[in-house]
Structures are given as C-alpha cells and as structure tokens.
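One structure is given here, and the rest of the page talks about it.
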Amino acid sequence: MTPGRGRVAIVTGAANGIGRATALEMAARGYRLGLIDRDPARLAEVAGRVETAGVEACAAEADVVDPAAIQAAVDAVEAVLGPCDVLVACAGVGRMTHVPDLDTAGLRAMLEVNVLGMAQSFEAVLPGMIGRGRGHLVGISSVAGLRGMPWMASYSASKAAVWTYLEGLRPALKRRGVRITTVFPGFVRTGMTLDVPFARPVTMLEPEQAAVHIVRAIEKGSRDYMFPWLTALGMGFLRRSPNRLYDWMMDRAGPKALTTDF
Ligand SMILES: NC(=O)c1ccc[n+]([C@@H]2O[C@H](COP(=O)([O-])OP(=O)(O)OC[C@H]3O[C@@H](n4cnc5c(N)ncnc54)[C@H](OP(=O)(O)O)[C@@H]3O)[C@@H](O)[C@H]2O)c1
C-alpha cells in the first residue's frame, strides 16, 4: 500500500513551482489531490498529470486572499474527494525590498498572500478537522524567515510571521487532534527565484527535490523541517550568531550577492 493510502490532500499554489511538484509527489504516493490556485489552465494541466498517476484530482480556482473564494474552493474539493486529511499551503509571493522606496505595496501583498492566505486556507478546513479530531496543516515558511535577510526584508518578515504564527497555534490544535508542520526551504528554482539578479550562480534545488522533502516532512509528522541540509547547517549558525557578527556578515555579503543595489 502506498503511504498516501487514498488520503485526501489539498495543495494551494498547486499550479506552479513547489506546490505543483508537491501535488505530483503526493499523487505518486497515493494521495487524492485537491488543487487550488488562481490559474485555471495551469491547474487543469496539473490535474491531468495527477490523474495520469492513477489517483483522483479535483481542481478549484481561488485567490487565497479572498476568504469566501478559498472556502468555496475547499468545499468544492471536499464535495468531490471527501474530507481533507492534509492541507499544504504553498500559495505564496516574493518580491525584493529596496530603499529608499520600501515597496509597501509589495510588503502588503506578501503579508496578505503568505500569511493571511495561509491562515484563511487553514481556516477553511479546520472546523472539519477539529470535528473529526484529526488533520494535518502544513505551512511553507523559508530559511529567510529565520533572520532578517538583506534585499528581502518584507519577504523575511512574512515568512517569520508564518513560523511564529504556526508555532503559537500548535498547542491549541494539537489538543484537538490537528498536527502542524512548518517547512523551511532554502532556494528552489521556481518563478519566484527566476528573476532575482544574483551576482553569481546560486545552488538551488529543483521543485521536484523540494517536493520530496516536503512529503517526507508530512509523512514523518515533523514539527519543523528545514532543507537542504547544508542550508539548514548554515542557517543554524546564522540563527545562533550574535547580532553584531550577523550584521557584520550581512553588511559584507549582501551587496556582493546581487548585481543591483538594494
Ligand atoms: N522558491 C524558493 O526558493 C522558495 C524558498 C522558500 C520558500 N518558498 C515558498 O514556497 C511557496 C511556493 O513558492 P514557489 O517558489 O513555488 O513560487 P511559484 O512558483 O511562484 O508558485 C507559487 C504559486 O502560488 C500561486 N499564488 C500566488 N498568490 C496566490 C493567491 N493569492 N491565491 C492563489 N494562488 C496564489 C502562484 O500563482 P501566480 O503564478 O498566479 O502568482 C503560483 O502558482 C511560497 O510560499 C514561497 O514563499 C519558496
């Protein structure tokens, strides 16, 4: 029997990048897939791939920032596939932060999609999970959420919010049978990282590799899961670095990392 065993997984941001790859990896492991995103044509393509893997798929278009839309999409998926066992909130946006223009519109978008969009996606399945006394919510933070990162201050803030929000929710949900996993990916080659003007080649995982890690975290029931291991090691060092050392390193490393000023 495959690990998914016909369980129902809903993935937001399923049309592209990490969400798409995670949905396909879960399909290969026997999960039945609810696919939510805002691009119906791309969703249909992913649904077709899931069905080719021999499992049922149900695609629903929604903007996760709109609570009524995400609730309607989850209801539509559950009406076809049955109650959601696992929700993986992959929908997200990322933009660089420059000065003196702080792009507060970008900050707002990242907080709305990455934080509120995730919370609203969870809220849409939570009453059902609590009623059944079981369920699993998976949030995608980032290693960039563990310390403030040069050129991505707003993105870092949104991902730090994901991390602490889920940490704070964990005890209340655990008592009601709902598990939370927070995933912290390093760089992954997707639309989000495609246009970052890196000064030199940056090692990135492919979305399919990221998906293997995410599904492993889900199946292990990890509390927190960071990958790849070398990034996790480096991040462990940065997290424990005294502020003065961290600031000194970022003052030097940040400007050298990109071809543009920030
Ligand atoms: N790539 C990385 O290096 C990396 C590292 C750490 C964490 N992450 C996180 O991983 C998650 C997936 O990112 P990715 O790299 O796979 O990016 P991606 O390729 O851009 O995929 C994100 C998907 O989410 C969708 N989306 C965005 N806003 C949405 C909304 N309001 N409602 C519904 N769907 C929405 C996007 O649709 P559109 O194409 O229409 O925008 C896209 O299909 C994000 O939370 C990201 O922050 C990524």
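The values are calculated or read from the model by the stated rules, or taken from the named source; none is laboratory data. Treat the numbers as computed from the prediction; the structure is a model and nothing was measured. Positions of Cβ are backbone-derived with ideal geometry, glycine not excepted, and every protein chain shown enters the neighbour counts. Each accessible area value is taken on the protein alone, full model and side chains, heavy atoms only, with ligands, DNA and RNA left out. Shrake-Rupley method; radii C 1.70, N 1.55, O 1.52, S 1.80 Å.
When DSSP beta bridges are restricted to pairs lying wholly in the chain, around 5% turn out antiparallel. Rounded if a/c is under 1.5, else prolate if a/b beats b/c, else oblate: with a ≥ b ≥ c from the C-alpha gyration tensor eigenvalues square-rooted, which is segment 177-262? Taking the square roots of the gyration eigenvalues as a ≥ b ≥ c, segment 177-262 is oblate.
Ranked by the mean number of other Cβ atoms within 10 Å per residue, highest first, peptides 132-142, 166-176, 75-85 order as 132-142, 75-85, 166-176. Rounded to the nearest 20 debye, the dipole magnitude of the chain is 1200 debye, with +1 charges on Lys and Arg beta carbons, -1 on Asp and Glu beta carbons, and the Cα centre as origin. Considering only PRO100, PRO67, PRO40, the mean-square fluctuation computed in a Gaussian network model of the chain, springs between alpha carbons under 10 angstrom, is largest for PRO100. Sorted largest first by accessible area at a 1.4 angstrom probe radius, with every protein chain in place, the residues ASP247, ASP37, ASP261 fall in the order ASP261, ASP247, ASP37. When peptides 91-99, 235-243 are ranked by their average number of other Cβ atoms within 10 Å per residue, the highest-first order is 91-99, 235-243. Rolling a 1.4 Å probe over the protein heavy atoms of the chain, with every protein chain left in place, gives an accessible area that is 57 percent carbon and sulfur. Lys/Arg Cβ at +1, Asp/Glu Cβ at -1, dipole of the chain taken about the Cα centre: which of VAL64, PHE262, MET149 is farthest positive-ward? Value computed over the given set: MET149. Within straight-line reach of LYS220, meaning a Cα separation under 23 Å, sit the following lysines at least 8 residues removed in sequence or on another chain: LYS159, LYS174. Along the axis of the charge dipole computed for the chain (Cβ charges of +1 for Lys and Arg, -1 for Asp and Glu, origin at the Cα centre), the listed residues PRO207, LEU24, TYR246 are led at the positive end by TYR246. Apply the a/c threshold of 1.5 to the C-alpha gyration tensor of the chain and tell me whether it is rounded, prolate or oblate. Taking the square roots of the gyration eigenvalues as a ≥ b ≥ c, the chain is prolate.
Surface exposure of the chain, expressed per residue as accessible area with a 1.4 Å probe, stands at 47 Å². Only protein heavy atoms count here; on that basis, with a 1.4 Å probe, MET226 has an accessible area of about 50 Å².
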